[in-house]
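Read through the structure below, which is laid out as structure tokens, and then see the notes.
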Amino acid sequence: MPPVFRFAPSPNGYLHLGHAYSALLNVQRAQDSGGRFLLRIEDIDPTRCRPDYEQAIYQDLAWLGIAWEQPVRRQSQHLGEYGAALARLQDMGLVYPSFESRAEIARLVRERDVAGGWPRDPDGAPLYPGAARAMSATRRAELIGSGVPYALRLDMAAAIARAGRLSWHEAGRGPGGEAGDIEARPEAWGDVILARKETPTSYHLSVVVDDALQGVTEVVRGQDLFHATGVHRLLQVLLGLPAPAYRHHRLIRDDNGQKLSKSTRATGLRTLRAEGISPAEIRHRIGLV
């Protein structure tokens with residue numbers, strides 16, 4: 001079977017040079033290996049994802065000369081599949097609801113920081129500080145029945161105890177130069193959110209389900225997702241899903257050394273195109289010539 005690669009952007013902003021590098025690198029590796037290239041739209045966040053951004057993704061990729069297989073998988077059309085995976089984890093006793101608001105979680109973190117610091121995940125966000133994991137089943141049912149918003153979290157300690165030691169082979173490089181056989185450390189993320197009351201999935205859950213259902217064999221993505229691979233390997237083992245090969249690539253950075261990001265309003269490909277920049281110049285800028 002030929003290898004299968006994918007590019008999976010979220011339509012919550014316009015693609016920038018970093019996206020162009022990742023997409024073109026995946027296409028290049030698919031072509032070099034006689035493999036397939038898939039496009040996936042990760043649109044599970046209805047508050048940030050917009051149809052015009054999705055259409056811009058298609059336009060920008062086509063302008064770069066990228067072709068992809070049809071149909072495109074749109075995550076918003078597959079929520080039932082993610083819900084089924086979540087239900088399996090719930091049946092294992094590995095999922096619990098937490099009811100604190102973001103403001104309440106921030107307050108708890110501040111209190112614990114004063115007491116000597118509170119651990120952060122690899123992205124710098126504080127680990128979940130609440131005690132919902134120890135809440136009684138009766139109290140949980142009362143809160144859910146009363147309509148209180150909640151998040152469904154993975155009981156990380158119980159999940160790791162069930163899965164055992166985890167690793168992956170890194171064919172690229174991590175942010176610290178890591179390569180080869182990498183020990184997965186999902187515990188660094190704490191009790192991650194797998195779903196919310198209003199959305200039956202999260203990035204971590206949907207990405208491993210999608211990769212398995214689409215037969216993705218090669219995950220080529222940015223170094224900013226290197227550490228998240230630990231959570232993905234854990235979910236793959238728990239759900240009995242195959243593990244693709246991982247290759248994390250360098251990030252495209254701005255003049256200040258910061259990675260390009262939609263949140264920092266990095267210049268979009270559509271703006272560069274309007275300025276007369278050619279696809280060949282884009283390839284030169286990102287070092288793919």
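Quick check: Cα centre of the range 241-271 to Cα centre of the range 1-61, how many Å?
12 Å
For the range 185-289, max minus min Cα coordinate along each principal axis, in Å, sorted largest first?
48, 30, 24
Along the range 80-97, what does the Karplus equation 6.51 cos²θ - 1.76 cosθ + 1.60 (θ = phi - 60°) give for ³J(HN,Hα), rounded to whole Hz, x for Gly and Pro?
x, 5, 5, x, 5, 5, 4, 4, 5, 5, 5, 5, 7, x, 9, 10, 9, x
Compute the angle between helix 51-63 and the longest alpha-carbon principal axis of the chain, please, reported from 0 to 90 degrees and rounded to the nearest 10.
The answer is roughly 40 degrees.
Which ordering of GLU218, GLU183 is given by a fewest-first count of other beta-carbon atoms within 10 Å? The partial results should precede the final answer.
Numbers: GLU218 20, GLU183 10.
Ranking GLU218, GLU183 by Cβ neighbours within 10 Å, fewest first, gives GLU183, GLU218.
Can you compute log10 of I(q)/I(0) for the chain with the Debye formula, treating each Cα as one identical point scatterer, at q = 0.07 Å⁻¹?
-0.29
Please turn the phi angles of the range 182-195 into ³J(HN,Hα) values with the Karplus equation 6.51 cos²θ - 1.76 cosθ + 1.60 (θ = phi - 60°), one per residue in order, whole Hz, x for glycine and proline.
3J(HN,Hα) across the range 182-195, in whole Hz: 10, 6, 6, 10, x, 4, 5, 9, x, 7, 5, 7, 9, 6.
Restricting the calculation to Cα positions, tell me the Rg (one decimal) and the Dmax (whole number) of the range 78-250 in Å.
When restricted to Cα atoms, the range 78-250 yields Rg and Dmax of 16.7, 50 Å.
Let a ≥ b ≥ c be the square roots of the eigenvalues of the Cα gyration tensor of the range 58-126; is it rounded (a/c under 1.5), or, if not, prolate (a/b larger than b/c) or oblate?
oblate
Given an 8 Å cut-off on Cα distances and at least 6 residues of separation, report the relative contact order of the range 78-250 as a percent.
This gives 27 percent for the range 78-250.
Taking the Cα atoms only, what angle lies between the long axis of helix 17-33 and the longest principal axis of the chain, rounded to 10 degrees?
The helix 17-33 is inclined about 70 degrees to the chain.
If you rank THR271, THR201 by fewest surrounding Cβ atoms within 10 Å, what's the result?
By the 10 Å Cβ count, ascending, the order reads THR271, THR201.
Please list the non-local residues whose amide H lies under 5 Å from the amide H of VAL4, H modeled 1.01 Å from N, same-chain partners needing a gap of 5 or more.
Close amide H contacts, sequence-distant or interchain: ARG36, THR217, GLU218.
With both partners inside the chain, how many of the DSSP beta bridges are antiparallel, as a percent to the nearest 5? Kindly include the intermediate steps, with their values, before the conclusion.
Values: 15 of 28 bridges.
Percent antiparallel among DSSP bridges in the chain is about 55.
So for MET1, MET156, fewest C-beta neighbours within 10 Å to most, what's the order? Could the numbers behind the result be given before it?
Working: MET1 7, MET156 21.
Taking fewest neighbouring Cβ atoms as first place, the list is MET1, MET156.
Quick check: the angle from helix 102-114's long axis to the longest principal axis of the chain, C-alpha only, nearest 10 degrees?
80 degrees
Counting pairs of alpha carbon atoms under 8 Å apart in space and at least six apart in sequence, what relative contact order in percent does the chain give?
Values: 447 pairs, mean separation 69.2, N = 289.
This gives 24 percent for the chain.
Compare THR217, THR138, THR199 in a GNM of the chain, Cα atoms joined below 10 Å, and give the one with the largest fluctuation.
THR138
Return a whole-number percent for the relative contact order of the range 222-289, with Cα pairs under 8 Å and 6 or more residues apart as the contact set.
Numbers: 25 pairs, mean separation 16.7, N = 68.
The normalised contact order for the range 222-289 reaches 25 percent.
Here, each number is a calculation from the coordinates, and none is a lab measurement. Just so we're clear, the structure is a prediction, and the values are computed from it rather than from any experiment. Counting neighbours? That spans all protein chains shown, and the Cβs are built from the backbone with ideal geometry, glycine included.
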